[in-house]
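Novice: One structure coming up, written as structure tokens, with questions to follow.
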Amino acid sequence: MNTPATPATPAPSATLREVVGLDNALPRLADTTLVLIDFQETYRRGVMALDGAEQALAAGARLLAAARAAGTPVVHIVNDGGEGTPYDIHAEIGQISPEVAPRDGEPVVVKRVPNAFHDTDLDKTLRELGAGTDLVLAGFMTHMCVQFTAQGAFYRGYRPTVVAEATATRPLPSPDGTVVPAAALQTASLTTVADLFGLVARTVNDLTA
């Protein structure tokens, strides 16, 4: 009896970054500006709770501590969905988690759509901080605000790097009715970023070692 052959793993295509000749070298955290996206209590409990939120938040806290120690400028982003929503920034549920709470002098930019550059003063804030090209992004959710802010940064001439371990997302229904697990959506989102819009560092240590 013949055993069916195991299908070969397909070879990956060249990324768009490779095709157009963009640099893929990770930056040093000390040479960047850190942008923390929507690290709000919203994502730790209730309807918007994320798979791996606590682990990602812990990584975000380590990233923030390393940035502060290195003298890296830090910008915090919060999503304001309005009164009565899980994104009410005037209620406990919408507050930035205490593990990554802003210090005096660290700007907080309020947004209302996934791309933190859209209709906000984020670009102006970065320029006032003297930010260079390299931005480091972390936060919630990977497939939504992190990914679209990376795109927004790319279109404005920045070079974003997403720290994978400091992001998280949730399982979602697909158009064919199946469920896309959070891990699969996480991988797909980071792969989309890395194809063109920016770099992906797997861990905080990748930027600090």
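The values are calculated or read from the model by the stated rules, or taken from the named source; none is laboratory data. Source: prediction; values computed, not measured. Positions of Cβ are backbone-derived with ideal geometry, glycine not excepted, and every protein chain shown enters the neighbour counts.
Novice: Could you tell me how many of the residues in segment 146-157 are within 18 Å of ASP121 (Cβ to Cβ) and surrounded by fewer than 24 Cβ atoms within 10 Å (Cβ to Cβ)?
Specialist: 5
Novice: Answer with yes or no whether THR192 is in contact (Cβ under 8 Å) with a residue 24 or more places away in the chain, part of a strand (DSSP E or B) and on the phi < 0 side of the Ramachandran plot.
Specialist: no
Novice: Does HIS76 satisfy the criteria of being over 18 Å from VAL200 (Cα atoms) and within 14 Å of the chain's Cα centre (by Cα)?
Specialist: Against the criterion (over 18 Å from VAL200 (Cα atoms) and within 14 Å of the chain's Cα centre (by Cα)), HIS76 qualifies.
Novice: Pick from segment 195-206 the residues that are within 25 Å of VAL20 (Cα to Cα) and touching a residue at least 40 places away in the same chain (Cβ under 8 Å): which of them is surrounded by the most Cβ atoms within 10 Å (Cβ to Cβ)?
Specialist: Ranking the qualifying residues of segment 195-206, first place goes to GLY198.
Novice: Suppose we filter ALA209, ALA184 for residues that are surrounded by fewer than 17 Cβ atoms within 10 Å (Cβ to Cβ) and either touching a Cys at 6+ places or on another chain (Cβ under 9 Å) or at pLDDT below 95 (or both); which single one remains?
Specialist: So the residue among ALA209, ALA184 that is surrounded by fewer than 17 Cβ atoms within 10 Å (Cβ to Cβ) and either touching a Cys at 6+ places or on another chain (Cβ under 9 Å) or at pLDDT below 95 (or both) is ALA209.
Novice: Can I ask one more? Give me the pairs, please: first residue somewhere in segment 40-59 and more than 12 Å from GLU99 (Cα to Cα), second residue anywhere and of a type in the set (Lys, Arg), beta-carbon distance under 6 Å, and either six or more positions apart or on two chains.
Specialist: Close Cβ pairs satisfying both conditions: LEU50/ARG170; ASP51/ARG170; ALA53/ARG44.
Novice: Could we say that ALA25 is in a loop (DSSP other than H, G, I, E, B) and surrounded by fewer than 21 Cβ atoms within 10 Å (Cβ to Cβ) here?
Specialist: Judged against the criteria, ALA25 is a match.
Novice: Examine segment 6-15 for a residue that is at pLDDT 95 or above and touching a helix residue (DSSP H, G or I) at 6+ places or on another chain (Cβ under 8 Å), and state whether such a residue exists.
Specialist: Within segment 6-15, one or more residues are at pLDDT 95 or above and touching a helix residue (DSSP H, G or I) at 6+ places or on another chain (Cβ under 8 Å).
Novice: Pick out, from segment 73-182, the strands (runs of 3 or more DSSP E) lying fully within it that include 2 or more residues that are closer than 20 Å to PRO27 by Cα, touching a residue at least 60 places away in the same chain (Cβ under 8 Å) and not aromatic (Phe, Trp, Tyr).
Specialist: 134-140, 159-168
Novice: Give the residue, chosen from VAL74, VAL78, VAL35, VAL19, that is surrounded by fewer than 15 Cβ atoms within 10 Å (Cβ to Cβ), at pLDDT 95 or above and β-branched (Val, Ile, Thr).
Specialist: VAL19
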